[in-house]
Amino acid sequence: MGKTPGRSVGAAALRMRGGAAILCPMARLLAATLRFDDRLVREVLARHLFTPTSGRETGYLLAGLLTGTAGFTIVVIAFSLALAFGILIIGLPVAVLAAAVDRRWCSLERRRAAVVLGRAIPEPYPAIRTGGWLARRLAVLSDRQTWLDGLWMFISLPVGAAGFVVAALAWVGLPALLAAPVYVWAIPGWVHANDVAISILAPLLAAPAAVLGAWLLHPTALAVAGLAELMLGPSRREQLERRVQTLSETRAGAVDAAVTELQRVERDLHDGAQARLVALAMDLGLAEQRLAQEDAETAREHVASAREQARAAMTELRELVRGIGPSILQDHGLDAALTALVSGRHPPVELRVDLPPAPAGPRETAAYFVVAEALANARKHSGASRVSVRAWEDAARRLVVEVVDDGRGGASLDAGSGLSGLRKRVAALDGQLIVSSPAGGPTTVRAELPGGAGLPAGGELPG
Amino acid sequence: MGAAGEAPMRVVICEDLALLRDGLRRLLHDNGMEVVAEVADGARFVSAAVGHKPDVCVVDVRLPPTFRDEGLRAALAARERIPGLPVLILSQHVEQTYAAELLADGVGGVGYLLKDRVADVDDFVAAVRRVAGGGTVLDPEVVAQILARRRSTALDSLTPREREVLALMAEGRSNQAIAEALVVTPGAVEKHVSSIFGRLGLAAGDEHNRRVLAVLAFLRSGR
């Protein structure tokens with residue numbers, strides 16, 4: 001590594017927003033190196049190289065040179081072959097094959113970039129279902145994204161090389177450049193007229209270059225992955241179309257969920273309170289009949305039974321009302337509502353809530369019902385002896401509730417289960433409901449609800 | 001009509017909620033009937049009805065698996081196997097179309113009551129006996145629905161008084177009971193009844209059968 005990488009890194013620094021802000025500390029670093037004061041260097045390297053994300057970003061950039069080289073080679077060969085055979089009839093099959101290989105390759109690139117970005121890059125290929133085999137293949141060839149894929153593979157070599165340089169500089173730039181005089185001395189023939197200048201300048205620039213590399217590691221990885229997303233991901237229009245699709249689906253789901261909920265209420269009323277009241281009326285009727293026959297003893301039994309039915313009807317109505325909308329949630333928020341929900345439960349529930357105080361909105365209500373349903377399942381079906389409920393807001397400001405029980409598992413999101421209705425309710429808020437319940441347990445029910453209605457799942461649309 | 005004589009009346013109960021099933025059994029038993037079978041779904045009901053040939057069946061309209069009108073379907077199926085099998089349908093809410101479906105075969109021995117009616121034990125037991133005797137008992141609620149929604153039909157040819165008499169007939173009341181309700185003499189009621197039969201074009205014949213057909217005409221007028 002000679003001057004070229006240094007120039008490229010310098011150019012990258014200038015391209016970057018705030019390039020001037022970097023050049024000033026650079027001068028300080030150069031001064032520090034001249035004074036043999038390495039404290040500042042160590043500090044900067046420590047702060048920028050040992051971050052939670054630097055590992056995967058380094059991997060992404062280093063591998064980028066390999067994949068870039070391979071991608072470039074593939075696309076150049078494929079393109080040349082298709083062009084060369086273009087005059088012959090076999091040019092077409094070659095092009096079709098090339099397009100297929102390109103797509104596979106770019107799927108790999110999408111997955112690689114997704115690791116750095118922390119979000120999946122959906123495949124933007126339009127579904128082609130009409131026409132025969134040949135027509136479909138030709139449609140793939142004329143698809144805009146096929147060509148964008150090819151373009152990405154073409155530029156991924158220089159992009160990958162630049163990324164590789166940044167990562168290499170960050171991690172090994174300091175020792176490598178400090179050792180420059182050794183190469184000059186050890187490798188005969190490498191030495192030119194300016195070998196003396198190199199031997200002096202390279203060690204001097206070692207610290208600033210390494211620090212620059214460390215500084216640029218994170219932005220470079222994000223920039224390369226972002227470029228991949230831009231070229232390989234769906235366009236804004238496609239994203240909007242998907243969004244509309246998702247919204248229509250979740251809206252239908254929300255309507256479904258509402259209907260299911262109403263049916264549940266109707267069923268609970270019919271089988272519960274309504275039946276109790278009929279039984280109560282029946283008991284009173286029988287008591288009346290007995291009193292007319294002056295059979296006070298039996299009449300008293302019927303009255304006692306009637307009172308029991310009245311009590312049970314009141315309990316069932318109370319539970320039903322609570323199931324429709326707990327007033328404590330509206331009045332005192334999710335924390336208080338969950339506390340009330342879990343108190344006196346059997347099996348005992350361990351509750352941990354770590355939420356900023358906020359008025360209860362649709363997502364708090366949905367979270368509440370997820371917990372209520374999961375607890376009901378744990379009590380009714382799982383035979384759990386311990387249940388824990390946690391609620392918190394994650395880094396993406398999503399409200400997360402998680403219910404874990406040590407029961408026998410087997411909970412499912414299948415249609416008809418209480419959880420499936422809740423999944424639709426959660427999806428209508430752009431959230432997701434995840435159920436893990438292997439046979440034998442444990443069961444984890446987790447709902448993630450993004451803050452603010454209308455945000456697409458997984459982040460904002462690119463502006 | 002009721003056969004409250006020597007042998008106790010034999011009843012099959014079909015109700016999915018154990019609470020109400022037990023209550024009904026107790027109620028009927030206390031009133032001198034014998035519950036020969038208690039089932040919780042439509043399919044079992046049909047086989048129980050065919051197997052026991054009871055004097056009367058008490059069936060909840062809403063049964064598993066769909067909790068809609070399986071009870072009604074099962075009752076109709078049972079009556080297809082045993083024509084005229086007396087069936088009293090109970091429901092949390094009443095719909096005249098259901099009643100019309102039950103009565104459509106014109107045989108009678110059909111009752112359709114709100115579950116609430118079990119509270120008036122004597123009336124309820126009387127209704128069960130009337131259905132067992134081949135009578136027709138419609139819930140006053142159904143009758144009220146029909147009167148409220150009546151469209152232009154043959155019933156328009158009836159006088160208001162005759163419509164009142166017919167409505168009470170639909171509830172399963174005897175001429176005597178109708179006379180009491182309207183505070184008229186039984187003779188006057190009989191005159192109204194035969195006038196109703198005439199206006200509805202029900203040829204002279206079996207009085208009981210004509211009552212069923214008149215009630216059916218009344219039911220259909222509400223659609």
DSSP beta bridges in chain A [antiparallel fraction, %, rounded to 5] = 75 percent
message = I'd like to check one number: the per residue accessible area of the stretch A:277-349, probe 1.4 Å, reported in Å² as a whole number.
response = 58 Å²
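In Å², what does the accessible area per residue of chain B work out to with a 1.4 Å probe?
Values: 9280 Å² over 223 residues.
That works out to 42 Å² for each residue.
How many Cβ atoms of partner chains, on average, are near each residue of A:281-291 if near means within 10 Å of its Cβ?
Working: counts 8, 15, 6, 2, 11, 8, 1, 4, 7, 2, 0.
What the average comes to for A:281-291 is 6.
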inquiry  = Am I reading the B/A interface right? What is its buried accessible area, both sides, 1.4 Å probe, to the nearest 100 Å²?
reply    = 1700 Å²
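Rounded to the nearest percent, how much of the accessible area of the stretch B:1-140 (1.4 Å probe, protein heavy atoms only) is carbon and sulfur? Display every interim value, and only then the final one.
Values: 2670 of 5220 Å².
Here carbon and sulfur together make up 51 percent of the probe-accessible area.
Peptides A:57-63, A:437-443: what's the order by average Cβ count within 10 Å, highest mean first?
On the way: A:57-63: 20.0, A:437-443: 15.7.
In descending order of packing, they fall as A:57-63, A:437-443.
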message = Of B:Gly205, A:Val75, B:Gln92, which is farthest towards the positive pole of the protein assembly as shown's charge dipole, taken about the Cα centre with +1 and -1 on the beta-carbons of Lys, Arg and Asp, Glu respectively?
response = A:Val75
task = Set the Förster distance to 35 Å, then compute FRET efficiency between A:Ser142 and A:Leu247 from the Cβ-Cβ distance, nearest 0.05.
result = 0.70
ask   = Using the per-residue mean of other Cβ atoms lying within 10 Å as a proxy for protection, in what order, highest first, do the peptides A:164-170, B:83-89 fall?
value = A:164-170, B:83-89
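Grab the other residues whose beta carbon is less than 15 angstrom from that of A:Arg318, score K and R as +1, D and E as -1, and report the net. Before the final figure, lay out each step's value.
Working: positive: A:Arg276, A:Arg311, A:Arg322; negative: A:Asp268, A:Glu316, A:Glu319.
Charge balance in the 15 Å sphere: 0.
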Charge sum, other residues only, whose C-beta stays under 10 Å from B:Ile178's C-beta, Lys/Arg counted +1 and Asp/Glu -1 = -3
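So for B:Ser157, A:Ser327, what's the accessible-area order with a 1.4 Å probe, most first?
Details: B:Ser157 55, A:Ser327 80 Å².
If we order B:Ser157, A:Ser327 from most to least accessible, we get A:Ser327, B:Ser157.
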message = Roughly how far apart, in whole Å, are the Cα centres of the stretch A:169-240 and the stretch B:85-122?
response = 89 Å
10 Å Cβ shell holding at most 11 others, DSSP loop, trypsin sites (Lys or Arg not before Pro): longest site-free stretch of chain A = A:130-396
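May I ask you to derive the relative contact order of the stretch B:166-215, considering only C-alpha pairs under 8 Å and at least 6 residues apart, and to give it as an integer percent?
Details: 30 pairs, mean separation 18.9, N = 50.
Over the stretch B:166-215, the number comes to 38 percent.
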ask   = Helix A:236-269 versus the longest principal axis of chain A: what is the Cα-based angle in degrees, 0 to 90, to the nearest 10?
value = 20 degrees
ask   = Is there a simple number for the mean count of other chain Cβ atoms within 10 Å of the Cβ of residues in B:123-130, and what is it?
value = 1
ask   = Taking Cα pairs under 8 Å and at least six residues apart, what relative contact order does chain A come out at, in percent?
value = 12 percent
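Give me the inter-chain shielding for B:12-19: mean count of other chain Cβ atoms within 10 Å, whole number please.
Working: counts 0, 0, 0, 1, 2, 8, 1, 9.
Counting other chains' Cβ atoms within 10 Å and averaging over B:12-19 gives 3.
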task = Kindly state, to the nearest 0.05, the FRET efficiency for B:Ala43 paired with B:Ala204, given R0 = 35 Å and r defined as their beta-carbon distance.
result = 0.25
request  = Evaluate the charge dipole of the stretch A:364-436 about its Cα centre and quote only its size in Debye, nearest 20, assuming +1 on the Cβ of each Lys and Arg and -1 on the Cβ of each Asp and Glu.
outcome  = 160 debye
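At a 1.4 Å probe radius, carbon and sulfur cover how many percent of the accessible area of the stretch B:167-215?
Details: 1290 of 2370 Å².
Carbon and sulfur: 55 percent of the exposed surface of the stretch B:167-215.
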ask   = Any idea of the accessible area per residue across the stretch A:105-173, 1.4 Å probe, to the nearest Å²?
value = 50 Å²
query = Which whole-number percent gives the relative contact order of the stretch B:1-92, counting Cα pairs below 8 Å spaced six or more residues apart?
reply = 28 percent
remark   = The ³J(HN,Hα) series, computed from each phi in the stretch A:127-142 with the Karplus coefficients 6.51, -1.76 and 1.60 at θ = phi - 60°, rounded to the nearest Hz and given as x for glycine or proline, is 6, 10, 10, 8, x, x, 4, 5, 4, 5, 5, 5, 4, 4, 4, 8
request  = With everything on Cα atoms, drop me the angle between helix A:39-49 and the longest principal axis of chain A, reported from 0 to 90° to the nearest 10.
outcome  = 50 degrees
key: Within-14-Å neighbourhood charge of A:Gly383 [Cβ basis; K, R +1; D, E -1]   = +2
request  = Mind putting a number on the dipole of chain A about its Cα centre? Charges go on the C-beta only, +1 for Lys and Arg and -1 for Asp and Glu, and I need it in Debye to the nearest 20.
outcome  = 1840 debye
inquiry  = What FRET efficiency comes out for A:Ile434 versus B:Ala18 if R0 is 25 angstrom and r is the Cβ-Cβ distance? Round to the nearest 0.05.
reply    = 0.10
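The values are calculated or read from the model by the stated rules, or taken from the named source; none is laboratory data. This is a predicted model, so every value here is computed, not measured. Positions of Cβ are backbone-derived with ideal geometry, glycine not excepted, and every protein chain shown enters the neighbour counts. Note: areas computed on protein heavy atoms with side chains; ligands, DNA, RNA excluded. Shrake-Rupley method; radii C 1.70, N 1.55, O 1.52, S 1.80 Å.
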